[in-house]
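This report concerns only the one structure given below.
The values are calculated or read from the model by the stated rules, or taken from the named source; none is laboratory data. For clarity, every value in this text was computed on a predicted model and none was experimentally measured. A quick note on method: Cβ atoms are made from the backbone with ideal geometry, for glycine too, and the neighbour counts reach across all protein chains shown. Protein only, heavy atoms only, side chains kept; ligands, DNA and RNA dropped before computing areas. Shrake-Rupley method; radii C 1.70, N 1.55, O 1.52, S 1.80 Å.
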Number of protein chains: 2
Amino acid sequence: LRSDLAALETPRLLLSKTRLDRNIERMRARLAGFGVPLRPHIKTAKSVEVYARALGDAGVTVSTLQEAEYALRNGETDILYAVGISPNKLARAVALQSNGADLILTVDSMVAAQSVDEAGRAAGLRLPAVIEIDSDDHRAGVKPSSEDAGRIARFLADAGGASYRGLMTHAGGSYDCRSIDDIRAMAERERRAVVDTAAMLARGGIGSEIVSVGSTPTATFGKSFEGVSEVRAGVYMFQDLVMAGLQCCAIDDIALSVLTSVIGVRADKRRLIVDAGWMALSRDRGTASQAVDQGYGLVCDLAGAPIGGLIVVAANQEHGLVARRDGAAFDVSRFPVGTMLRILPNHACATAAQHDRYTVIDESGALLAEWPRCNGWGAG
Amino acid sequence: LRSDLAALETPRLLLSKTRLDRNIERMRARLAGFGVPLRPHIKTAKSVEVYARALGDAGVTVSTLQEAEYALRNGETDILYAVGISPNKLARAVALQSNGADLILTVDSMVAAQSVDEAGRAAGLRLPAVIEIDSDDHRAGVKPSSEDAGRIARFLADAGGASYRGLMTHAGGSYDCRSIDDIRAMAERERRAVVDTAAMLARGGIGSEIVSVGSTPTATFGKSFEGVSEVRAGVYMFQDLVMAGLQCCAIDDIALSVLTSVIGVRADKRRLIVDAGWMALSRDRGTASQAVDQGYGLVCDLAGAPIGGLIVVAANQEHGLVARRDGAAFDVSRFPVGTMLRILPNHACATAAQHDRYTVIDESGALLAEWPRCNGWGAG
């Protein structure tokens, strides 16, 4: 059945359903073992056909209001929008709430909390919000167990146009860890950041319904989720080379690949030219700082097996340059113009974002379906 | 009229019509001075509302068959597809040709030339092709004045299903130049690569109708286009920080920007968090190797004026981290949550590709139009 792939035009985004389902089941079983619900992050997949397979009872996480509207249209009402809200998105957030979504907003400042309250009061609604906690000094959030956290929680709890729903944190720093032990330490730090803050708030009489942590590495290796009400993760559904570099998965767990064709052969330069450039692969170089630098992606044959150290060493808009990682010569005559290859991505979120749909295949290469994505930010 | 921008949702791609028209007119006037036609490359704009303003008598250049189909639908028939053809795209190329396009394909090997000939013979057409010449040792192409060039040209000229149309080269290496003199030398090398090869072929009785060169840097600074039949360029319409770093434009020529909102303020970390991450900006780091590293983009106020050394120093999917380039403290209280900013892009092609349309503005910030883009590769 490999001829199914051989008949396709390139470049094209492939998704192995077998690997997708295996990755989802592995994470489901792991978190079920801890008795903690999973709230899948749909920013990686942006496709109901993908994330519906990962749903439990804890709703979804989104990174855009476009994803939130898409999830609501597809029947999901429990939606955590895990990016700090800006005032110019509140009209749309109100519309989602009015249309039946329990859209939980994220704030990490009094200014943002006040803007949520104002928008809620103007609409005659109490807009629910969580406070983002900075567990890893990485990006957004107030410090764990800080006065700021207490002040914002009190404001939300008492507000006429907002309500306090709980706490969330994301240990994005886990992507920079160098060992499983480091990731475990990061997971514990992530957990403690919100659990300790929730305990502090509880002593002041404020209960946190949501105590949310999450990243694929910390969800994969965390040893305790005590006190946590839910875990968020998204990349784990597809996995990628960055996750493989972190030992969160094996190379043959990676469910996404970009189908490409050889369009040029340069024996003199020890390289091939393929029709997957940064437009098809993205410019993500997430493995650049890892032990094994995969360039712009790891090159596989049509069956999905890596080919002796070949990576995409450079990328222009519609051209990728393929060479050995070590720069050594290889037998380019095995790859004449027209040869089809598959490239495993550094970062599933970034590579998938360059495409408007998935071509879904099984491990034999048979075509099963086309699943569209909800890209972009939508009207505004 | 600045309130037009202040009322928009973020992130959003803005295009200044004033700057666009100025950039287009400057390049038009320059090449008209040399008497050489411009064949605009539409891979940057992917929008007829943009590239129609740059059209002359020499058709368009495309990087995908999706762009070719879009151009044909919009009335353009003279189309150079400037990426080496793979056999699995030939059915679609034949359909374009049958539908009235003069779609000129690109080859740099006998294998590719033979596949074009076969597809043409099967369809009862002679598919026109140019041979790509490698003028800068950068990517694709056969060597200038090489036996390979002669062999492929002879094959195409004699083929029943293909025809020889000429030569093309792209000095992508011009992006790595360090001075205007270097770019001028690169432009001359680019010109000589195709002009000398065309002369060699002419001595063998093969005439080259197309002798095509192009890149925005070499088109901007080249001192001779003698023997060249057309120049290709695309980025010049928008310009970007990479082009500014190469002295191809000034910062205030850059017509594209990403409108964004402050969603977090971290005085302790000397930074702001904005809602333009790599999804809105792209992961392109084209200025990383230039004299001035602009991070993921240069931060401007709502009127488009750069703000004292602020750049996007890091990017996650929907979060950008803004700090001073030198890491110094700045008065973050000037930028409370909700403040709107504009980010100038490193690489116009890459940033525009993250969006499905342009919000067109004038220099006062008034909204003029929405222009959609033809992203992706289309059916296949």
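A few notes on this one:
- Note on surface exposure: B:165, A:178, A:324 rank A:178, A:324, B:165 by accessible area, highest first, 1.4 Å probe.
- The stretch A:145-159 versus the stretch A:187-231: alpha-carbon centroid distance in Å: 17
- When peptides A:339-345, B:245-251 are ranked by their average number of other Cβ atoms within 10 Å per residue, the highest-first order is A:339-345, B:245-251.
- Filtered GluC sites (Glu not before Pro), the stretch A:277-376: DSSP coil and at most 14 other beta carbons within 10 Å: A:363
- Alpha carbon centroid spacing (whole Å) that separates the stretch A:264-342 from the stretch A:73-101: 41
- When residue A:209 is represented by a point 7 angstrom out along its Cα-to-C-beta vector, the spacings to that point in the other copies are 7.0 nm, nearest first.
- Only protein heavy atoms count here; on that basis, with a 1.4 Å probe, residue A:27 has an accessible area of about 10 Å².
- Label-point separation, residue A:34 to residue A:203 (7 Å along Cα→Cβ), nm: 2.5
- With R₀ set to 22 Å, the beta-carbon distance separating residue A:176 from residue A:110 gives a calculated FRET efficiency near 0.15.
- Two-site FRET efficiency, residue B:292 against residue A:77, from Cβ-Cβ distance with R₀ of 45 Å, rounded to 0.05: 0.40
- Exercise: per-residue mean of other protein chain Cβ atoms within 10 Å, A:58-71: 1
- Cut-off 13 Å between beta-carbons: net charge of the residues surrounding residue A:117, Lys and Arg +1, Asp and Glu -1: +1
- For the residues of A:270-279, the average number of beta carbons from a partner chain within 10 Å of their own beta carbon is 4.
- Cross-linked pairs A:46/A:143; A:17/A:46; A:269/B:223; B:143/B:223: Cα-Cα separations exceed 26 Å for A:46/A:143; A:269/B:223.
- The mean sequence separation of alpha-carbon pairs under 8 Å and at least six residues apart, normalised by the residue count of the stretch A:246-353, gives a relative contact order of 36 percent.
- Across the identical copies, how the residue B:291 labels are spaced - nm, sorted shortest first, 7 Å along Cα→Cβ: 4.2
- For the set B:41, A:170, the ranking by accessible area, highest first and with no ligand, DNA or RNA atoms included, is A:170, B:41 under a 1.4 Å probe.
- Contact order normalised by residue count of the stretch A:70-195, Cα under 8 Å, 6+ apart, percent: 22
- Global form of the stretch B:1-101, assessed from the alpha-carbon gyration tensor, a/c cut-off 1.5: oblate
- For chain B, a Gaussian network of Cα nodes joined below 10 Å ranks B:261, B:63, B:179 by mean-square fluctuation, and the top entry is B:179.
- What sits nearest the axis between copies A and B, counting only chain A Cβ atoms, is the residue and whole-Å distance A:283, 2.
- Largest GNM mean-square fluctuation across A:122, A:198, A:153, computed for chain A with C-alpha springs under 10 Å, falls on A:122.
- Under the membrane-span-like helix rule (DSSP H runs whose alpha carbons stretch at least 30 Å along the helix axis, mean Kyte-Doolittle hydropathy -0.5 or higher), chain B yields B:180-203.
- Remark: spin-label model distance residue A:6-residue B:158 equals 3.1 nm, labels positioned 7 Å along the Cα→Cβ axis.
- Here the Gaussian network model covers chain B, with springs between Cα atoms less than 10 Å apart; of B:214, B:338, B:120, B:338 fluctuates the most.
- Only Cα pairs under 8 Å and 6+ residues apart enter the sum, and on that basis the relative contact order of chain B stands at 20 percent.
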